[in-house]
């Protein structure tokens, strides 16, 4: 197959509770939403809405759950927490970067996971935390 140039840039999703505006940058160096809540070395994005919904639902803080459309400003790579450990081949299409993402839009209509799914996920993450297992990316 031939690769044909396209005028369209790949847009990704970023789930969070941060209140961002179009044109703002999501950058490294802020407290992470996950793991041990330290300054993050990476920021995360996905090309699936489901993974972004998980990001928004599990994000730290009291703000509203939000899903932004973002464009990376530099290279991205597979998120090793998911692709190397849980889902070889990256079916969640989850990535990380040390470079900023530019907010280009917001998904305002989406449906979260069922309460029992969310509860099970949070319980699983709490067990990992009790075991001292935090994000491998921090």
Ordering of 123-129, 74-80, 64-70 by burial proxy (mean other Cβ atoms within 10 Å per residue, highest first): 64-70, 74-80, 123-129
Relative packing of peptides 97-107, 10-20 - highest average C-beta neighbours within 10 Å first: 10-20, 97-107
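Values quoted throughout were computed directly from the atomic coordinates according to the rules given, and no laboratory measurement underlies them. The structure presented is a predicted model; accordingly, all values stated were derived computationally and were not measured. Cβ coordinates were reconstructed from backbone atoms using ideal geometry, including for glycine residues, and neighbour counts include every protein chain displayed.
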